[in-house]
Amino acid sequence: MALVPFSELMRSAEEGQYAVGYFESWNLESLLATADAAEATHSPVILGFSGIYLPHPRRQVREPLSVYAAMGLTVCRRLTVPCCLLFNESPELDWVLESIDLGFNLVMFADEKLGTEELINTVARVVEKAHARGVAVEGEMNALPGIHGELEAGNAVPLDDPRTARVFVERTGVDALAVNVGQVHTHGRSHMRLDLERLAALRRAVPVPLVLHGATSIYPPDLVEAIQLGVRKINVGSILKRTYFETLRAASAQVGDPYNPYDVIGSGFPEDVLTQARVAVQERIAELMHLFGSAGKAM
C-alpha cells in the first residue's frame, strides 16, 4: 500500500478509535525494524527521522537529508501497510522546507526559542508550501520539557490551553497538533501521569487530530485512556534507542575472543550484534502497536 496521505491515516484511526505510532529511526536497522514490526502486526505506521539531531551543529559527521529521504521512501514504498514518512520536530526551517521537496509527506517545524507570533508565522509559511505539494504539517505550541535530558520528573510541567490551541491551529492551518498535557521527556527514567481532563478539553476545542510526544515517559494506562479521548498519533523515540543500545551492549559483551568480524557485524546471522539489536527494537515496536490499538487495523 506504500505511502498514503496523513489525512487518510488519521481518518482511519478516528474510525477505528486507535492511535498510529510514529517510531523514530536513526539508521537503516531501526528503520527496517519499524517496517518489519508494522508488517508483522498488520499495523499502519509512521516512519521518519529526527529534525533535531540530523542538522545538529554538534554532529561530528554531516549527513545529507536526501540520503535519509531516499532510504525512508524506499522502505515505505515496499510496505504493504499504509504509512507516512515524517521529518520530525525540526528547528531548522531550511531543512523542513527541503524535506518537503525530498518527498516526506508529513513534516514538523518547532523552535522553542521563538516567540508566539514568530512561531505562528513560520509554521504558516511551512503549511503554505507543504499543502501546495500535498504534504501534511504537524504543529506544536510549546516544546516538551526535558528533550535534552536536563529535566527530572517532579518539575512543574506547563499545560496547553484549549482556546490558545484552537487559535494556533486556525492561524497556522496545521493538520495535527502535538499537545502538552503533563508529559515530560524523562527518557524512560520515570513515568509521568497525564492531565486527562485537560486533554479532553483540548479535543473539544481543536478541530484537527491530536498528537502525544514523549510516549516513553508516559504511564502506559494513561496512553490507553488518551487514545480513548481522541489522541490519534503517538511519538516514540527514547525507548527504541534504549532498547537498541542495551541489546547491542549486552550482545557485544557476549562476543568472545577470537571472533570473526564478518559474523558479528553485518552478517545478519544470529551472532550479528546489529541484527540482535534490530530484532529487539522490532519486538518493542510490535508491543507498542498492540498498546496503541493499531495492530491488525491494516488488514
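Every residue in region 206-228 that is more than 17 Å from residue 6 (Cα to Cα) and surrounded by fewer than 17 Cβ atoms within 10 Å (Cβ to Cβ), please.
219, 220, 221, 224, 225, 228
Taking the condition modelled with pLDDT of 95 or more, crowded, with 18+ Cβ neighbours inside 10 Å and at positive phi, does residue 21 pass? If you could, list the steps in order and put the result at the bottom.
Working: modelled with pLDDT of 95 or more: yes; crowded, with 18+ Cβ neighbours inside 10 Å: yes; at positive phi: no.
Taking the combined requirement at face value, the residue does not satisfy it.
Residue 242 passes all but one of (1) outside any strand (DSSP E or B); (2) touching a residue at least 60 places away in the same chain (Cβ under 8 Å); which number fails?
The number of the failed condition is (2).
Please go through region 1-34 and give me each residue that is farther than 21 Å from residue 108 by Cβ and part of a helix (DSSP H, G or I), ordered by number.
15, 16, 28, 29, 32, 33
Just checking, how many residues over region 211-239 are assigned to a helix (DSSP H, G or I) and within 13 Å of the chain's Cα centre (by Cα)? Give the steps one after another, and end with the answer.
Of the residues in region 211-239, the ones assigned to a helix (DSSP H, G or I) are 215-217, 220-228, 238-239.
Add one more test, that the residue is within 13 Å of the chain's Cα centre (by Cα), and what stays is 215-216, 238-239.
Qualifying residue count, region 211-239: 4.
Which number in (1) touching a helix residue (DSSP H, G or I) at 6+ places or on another chain (Cβ under 9 Å); (2) farther than 30 Å from residue 295 by Cβ marks the one condition that residue 87 misses?
Result: residue 87 fails condition (2) only.
Quick check on my filter: what residues within region 56-93 are among the hydroxyl-bearing types (Ser, Thr, Tyr) and in contact with a Leu (Cβ under 9 Å, 6 or more places away or on another chain)? Spell out how you get there, then give the answer.
Of region 56-93, the ones among the hydroxyl-bearing types (Ser, Thr, Tyr) are 66, 68, 74, 80, 90.
Selection gives 66, 68, 90.
Please specify each residue of region 258-299 satisfying the condition of being among the charged types (D, E, K, R), more than 26 Å from residue 42 (Cβ to Cβ) and not in a helix (DSSP H, G or I).
Filtering region 258-299 for residues among the charged types (D, E, K, R) gives 263, 271-272, 278, 283-284, 287, 297.
Next, from what is left, pick out any that are more than 26 Å from residue 42 (Cβ to Cβ): 263, 271-272.
If the condition is that a residue be among the charged types (D, E, K, R), more than 26 Å from residue 42 (Cβ to Cβ) and not in a helix (DSSP H, G or I), then 271, 272 are the ones that fit.
Keeping to region 27-72, report how many residues are under 14 Å from the mean Cα position of the chain (by Cα) and either of a type in the set (S, T, N, Q) or at positive phi (or both).
4
The values are calculated or read from the model by the stated rules, or taken from the named source; none is laboratory data. Here the structure is a predicted model, which is why all the values come from computation and not from measurement. In this analysis, Cβ positions are derived from the backbone assuming ideal geometry, glycine residues included, and neighbour counts consider all displayed protein chains.
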